[in-house]
Amino acid sequence: QSVTQPDARVTVSEGASLQLRCKYSYSATPYLFWYVQYPRQGPQLLLKYYSGDPVVQGVNGFEAEFSKSNSSFHLRKASVHRSDSAVYFCAVSHQGRYLTFGSGTKVIVLPYN
Ligand SMILES: *[C@@H]1O[C@H](CO)[C@@H](O)[C@H](O)[C@H]1NC(C)=O
């Protein structure tokens, strides 16, 4: 199993929408996660997908959509705040074990003025 986050860095203006791409390679239906790591903190769980509705709501207005046919689990937010500047990690797990992380996407939110 592997996780690909094609963008190492994304710059976005405050108030704009954000999409962070994640593709996974895993044969069975995976468990999928997005974590956020704010500066000088450990990673925190944003949201997870196990089964059911492919659109998963997370904290702080984030949501992600599971697509089995695309092998993707992209994260999005309609309107970003400056406090969303952080590193975002997509992860896949085999039945809740062996969590494999992507390389992370650093999001930089530029002030709107
Ligand atoms: C899957 O890929 C197709 C073709 O690129 C795209 O139109 C569609 O929005 C994708 N679906 C999801 C849920 O990402």
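The values are calculated or read from the model by the stated rules, or taken from the named source; none is laboratory data. All figures in this text were calculated on a predicted structure; none of them were measured in a lab. Heads up, the Cβs are rebuilt from the backbone with ideal geometry, glycines too, and the neighbour counts pull from every protein chain shown. Heavy atoms of the whole protein, side chains included, go into the accessibility calculation; ligands, DNA and RNA do not. Shrake-Rupley method; radii C 1.70, N 1.55, O 1.52, S 1.80 Å.
List the number of the failed condition for His74; all other conditions in (1) in contact (Cβ under 8 Å) with a residue 40 or more places away in the chain; (2) of a type outside the set (A, V, I, L, M, F, W, C); (3) outside any strand (DSSP E or B); (4) within 16 Å of the ligand (Cβ to nearest atom) hold.
With respect to (1) in contact (Cβ under 8 Å) with a residue 40 or more places away in the chain; (2) of a type outside the set (A, V, I, L, M, F, W, C); (3) outside any strand (DSSP E or B); (4) within 16 Å of the ligand (Cβ to nearest atom), His74 is out only on (3).
Say whether the condition of being within 12 Å of the ligand (Cβ to nearest atom) and among the small types (Gly, Ala, Ser) is met by at least one residue in the range 45-68.
Looking for residues that are within 12 Å of the ligand (Cβ to nearest atom) and among the small types (Gly, Ala, Ser), one finds at least one in the range 45-68, hence yes.
Those residues that are in contact (Cβ under 8 Å) with a residue 60 or more places away in the chain and either within 16 Å of the ligand (Cβ to nearest atom) or not hydroxyl-bearing (Ser, Thr, Tyr) (or both), I need them from the range 77-88; list them, please.
Passing the criteria: Lys77, Ala78, Val80, His81, Arg82, Asp84.
I'd like the full set of residues that are closer than 21 Å to Lys106 by Cα, open to solvent by 50 Å² or more (accessible area, probe 1.4 Å) and in contact with a strand residue (DSSP E or B) (Cβ under 8 Å, 6 or more places away or on another chain), limited to the range 22-56.
Lys23, Gln37, Pro39, Pro43, Gln44, Leu45, Lys48
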